[in-house]
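Since the structure comes first, as structure tokens, the remarks are kept for the end.
The values are calculated or read from the model by the stated rules, or taken from the named source; none is laboratory data. Keep in mind that what you see is a predicted model, and the values were worked out from it rather than measured. Every residue, glycine among them, receives a Cβ derived from its backbone with ideal geometry; neighbour counts consider all protein chains shown. Remember, those area values only see protein heavy atoms, side chains included, never the ligands or the DNA or RNA. Shrake-Rupley method; radii C 1.70, N 1.55, O 1.52, S 1.80 Å.
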Amino acid sequence: MNGVEAAIVRHHEVIERWLSGVAAREEFARFADAHAPGFTLITPDGRTLSRDQVLTEVEALYGRAPGLTVEIRHVRIVASGGDLLVAAYQEVQPDRTRQSTVVLQDTKWLHLHETWLP
């Protein structure tokens, strides 16, 4: 597993634990810190959310998905240059799969675009 893949997997492990309700509350601070101040998310349904909106939504979901599993597959670097890196990956949950593209800046999540897969 390369460094980018490991970072994406670790990030989703925190999300998995948070949504399952088994994460320590202080893990949320690590999750929040991983997102750059200007972070944006385009959700699978086409909404564009700011960093603050994402953090508010995720924080409110603590423990709402007991037993959730999240598997990251097919990580690949799409482009890199300077302090920016673009990676694509699949996020597999028991009832759905998303194709995601993330833009990282100096290891911080700057932008994430998610699409549902059939």
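The value given for the chain is a Kirkwood hydrodynamic radius of 14.5 Å, derived from the mean inverse Cα-Cα separation. In plain terms, the chain from Glu71 to Ala32 could stretch by 12.0 nm, reckoned as 0.36 nm per residue minus the Cα-Cα distance.
Taking the centroid of alpha carbons for each part, region 91-118 and region 11-79 are 10 Å apart. Using just its DSSP H runs of length 4 or more, each adding -39500 (n - 2.57), the chain gives a mean residue ellipticity at 222 nm of -9000 deg cm²/dmol after division by all residues. Using the Cα gyration tensor of region 55-94, with a ≥ b ≥ c the square roots of its eigenvalues, what is the shape: rounded (a/c below 1.5), prolate (a/b larger than b/c) or oblate (neither)? Judged from the Cα gyration tensor, region 55-94 comes out oblate (a/c at least 1.5, b/c at or above a/b). With N the number of residues in region 6-48, Rg(Cα) / (2.2 N^0.38 Å) evaluates to 1.27. Among DSSP bridges having both ends in the chain, what percentage is antiparallel? Round to the nearest 5. Percent antiparallel among DSSP bridges in the chain is about 90. Computed with a 1.4 Å probe over protein heavy atoms only, the accessible surface of the chain comes to 56 Å² per residue. The phi torsions of region 47-55, fed into the Karplus equation with coefficients 6.51, -1.76 and 1.60 and a -60° offset, translate into couplings of 6, 10, 10, 7, 4, 4, 5, 4, 5 Hz, rounded to whole numbers, with Gly and Pro shown as x.
Protein heavy-atom surface of the chain, 1.4 angstrom probe: 53% of the accessible area is carbon and sulfur, with nucleic acids and ligands not counted. Applying both filters, DSSP loop and at most 10 other Cβ atoms within 10 Å, to the trypsin sites (Lys or Arg not before Pro) of region 4-41 gives Arg25. Normalized C-alpha radius of gyration of region 63-118, against 2.2 N^0.38 Å? Here the answer is 1.27, to two decimals.
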